[in-house]
Every structure is written in structure tokens, then in C-alpha cells.
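K.L.:
Here you go, one structure.
The values are calculated or read from the model by the stated rules, or taken from the named source; none is laboratory data. All figures in this text were calculated on a predicted structure; none of them were measured in a lab. Here the Cβ positions follow ideal geometry from the backbone for every residue, glycine too, while neighbour counts run over all protein chains shown.
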Amino acid sequence: MRGPAIILFLLFSLATSVASAGLIYTGSLSSETGGIQGSGVWVDVTLLREKDYPNWVPATLTWTVSENPDMSWRYQYELTVYRGDISHMIIETSLNFAFEDVLNCTENYQVEWFPPGPSTPGMPDNIYGVKFDGLTETTETITFDSWRTPIWGNFYSKDGRAGGEQNAVWNTGFPDPGFDPYSEPSDGSLSYHILVPDTVLGPSEVIPEPASIVLLLAGLSGLLLSTRNKRSG
């Protein structure tokens, strides 16, 4: 295989690799390890009768953020709590995130500002994001797609008064006003924050598609071959 052909083969391989690559980030927070704060039996086992202690589970949120084949992003969050079904969950987003930025979601949702109040008891501060309503279980999984890339942010969730006190949870990093880490997304949690959708569009919105890259690289390879032929003529 001659020089230009080798170059063309390598460039095609690179473009194919770009097309098939998919990033995946996973993480979790738990009230048992201090990553989640809140109120009620979701976070405080001492509110239960002693005989109920063995059945108690800490509030736990896990998430997976993965890049789809079309280079959009899939966001999946699973929240597990003790007795008392989850009623809603709010995932923070950037301020110009809109209703239409949520794709392929089967849950009822709305996108707006949510202040602390009767429907968000204990929430440390205002939050702009996606509120998913109509949840009815002690373990709920929220899944949706978006062209918005992942950054670090907050969440909040609540139920009623199972156990005698209002049950609500949020990430421990939430109460720090105005501070969301600006670091790149990664596995795990950063300063007790979770991965949430950003304002920024995904790669497929800002760079050529892999097929376009292949054509461009093929053209460059052809130019190299033409130049070589002229020099050898």
C-alpha cells in the first residue's frame, strides 16, 4: 500500500472512529454517605420505630449520561427512597433551556423557575430546570434525550408526610448559592453535584458530520496524490 493510499486508509479509519465513539458518564449520591440532604424518613432513620430500622434504605440518586449514535445525549436518573412515594423531581438546567429541548420523554414535565414554597418544602434556593410530575413509586427512573451537553448542577425531589414529617431530598452541593462547578463532565460527582443539561448544543450541531469529514479527508488525500504524481512526472 503506497503512501497516499495509507493516508486515505488511516483517515477513513479515524472518521469511522469519530462516528462510532460514544461518551458515557455515570455517578451517584446517597444520604448515607453525605451526598444527599433533606428531611423526613427519606434521610433520617431515627424518625421510624425501632422495629422498622432494618427495612430502611437511604435516599440514593444514580445517573447515566451517554452520547447517542446521532451525538445527542441521553440523560437517565434513578431516585430510590424509603416509604412514601416520590411525587415529583426537578433537574436543574441552564437558563435558556426550553420545553422543546427535552426529547423522547414519556413523563409529564414543565420547564421554568421553581422557588422554595409549599410544593418544594426545604428546597435551599430557586432552581430553573425540568420538573417531572406524576411520579408514584419509591424508585423512579427519569429518561430523556437532548441536544444539550452535560454540565454540573442540582436536583430536588419530594413527597408527602410519610413517617410524620415532610419528605424531601436534594444534593448536598445545592445549598451553596451561585456555585455550580465549571469543570468538564466526568464519572462520579463533583462537589456533591450531578450532571445536568447545559445551554451548549451537542457536537453534531457545531461540527461536520462524519460523512462530511470523510469527503474532506478524501479530497486532501487526492491532492497529495496529485502533487506526488506531478513531482515524479
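K.L.:
Are there any pairs with C-beta distances below 8 angstrom linking a residue in region 96-117 that is among the acidic types (Asp, Glu) to a residue that is assigned to a loop (DSSP other than H, G, I, E, B), with the two at least 6 apart or on different chains, and if so which?
P.N.:
Listed pairs, sorted by first residue: Asp101/Thr93; Asp101/Trp147; Glu107/Gly134; Glu107/Leu135.
K.L.:
What about Met89, is it surrounded by 15 or more Cβ atoms within 10 Å (Cβ to Cβ), over 21 Å from Thr172 (Cα atoms) and either modelled with pLDDT under 95 or not charged (D, E, K, R) (or both)? Steps first, answer last, please.
P.N.:
On the way: surrounded by 15 or more Cβ atoms within 10 Å (Cβ to Cβ): yes; over 21 Å from Thr172 (Cα atoms): no; either modelled with pLDDT under 95 or not charged (D, E, K, R) (or both): yes.
It is false that Met89 is surrounded by 15 or more Cβ atoms within 10 Å (Cβ to Cβ), over 21 Å from Thr172 (Cα atoms) and either modelled with pLDDT under 95 or not charged (D, E, K, R) (or both).
K.L.:
Going by what's in this entry, would Gly122 be described as of a type outside the set (A, V, I, L, M), surrounded by 11 or more Cβ atoms within 10 Å (Cβ to Cβ), in contact with an Asp or Glu (Cβ under 7 Å, 6 or more places away or on another chain) and within 17 Å of Phe155 (Cα to Cα)? Full working, then the answer.
P.N.:
Details: of a type outside the set (A, V, I, L, M): yes; surrounded by 11 or more Cβ atoms within 10 Å (Cβ to Cβ): yes; in contact with an Asp or Glu (Cβ under 7 Å, 6 or more places away or on another chain): no; within 17 Å of Phe155 (Cα to Cα): yes.
Spelling it out, it is not the case that Gly122 is of a type outside the set (A, V, I, L, M), surrounded by 11 or more Cβ atoms within 10 Å (Cβ to Cβ), in contact with an Asp or Glu (Cβ under 7 Å, 6 or more places away or on another chain) and within 17 Å of Phe155 (Cα to Cα).
K.L.:
Mind checking which pairs have a first residue in region 190-203 that is more than 19 Å from Ile127 (Cα to Cα) and in contact (Cβ under 8 Å) with a residue 24 or more places away in the chain and a second that is assigned to a strand (DSSP E or B) and among the charged types (D, E, K, R), Cβ under 9 Å, 6 or more apart or different chains?
P.N.:
Leu201/Arg148; Gly202/Glu67; Gly202/Arg148; Pro203/Glu67
K.L.:
What number goes with the only condition from (1) surrounded by fewer than 21 Cβ atoms within 10 Å (Cβ to Cβ); (2) under 23 Å from Ser28 (Cα atoms); (3) in contact (Cβ under 8 Å) with a residue 24 or more places away in the chain that Phe179 does not pass?
P.N.:
Among (1) surrounded by fewer than 21 Cβ atoms within 10 Å (Cβ to Cβ); (2) under 23 Å from Ser28 (Cα atoms); (3) in contact (Cβ under 8 Å) with a residue 24 or more places away in the chain, the lone unmet condition for Phe179 is (3).
K.L.:
Still on this structure: Can you tell me which residue is nearest to the chain's Cα centre (by Cα) among those in region 135-176 that are closer than 15 Å to Ile91 by Cβ and surrounded by fewer than 16 Cβ atoms within 10 Å (Cβ to Cβ)?
P.N.:
Thr143
K.L.:
Which residues, counting only those in region 61-86, are under 25 Å from Gly38 (Cα atoms) and either crowded, with 21+ Cβ neighbours inside 10 Å or among the aromatic types (Phe, Trp, Tyr) (or both)?
P.N.:
The initial filter retains those residues of region 61-86 that are under 25 Å from Gly38 (Cα atoms), namely 61-65, 75-86.
Matches in region 61-86: Leu61, Trp63, Val65, Tyr75, Tyr77, Leu79, Val81, Tyr82, Ile86.
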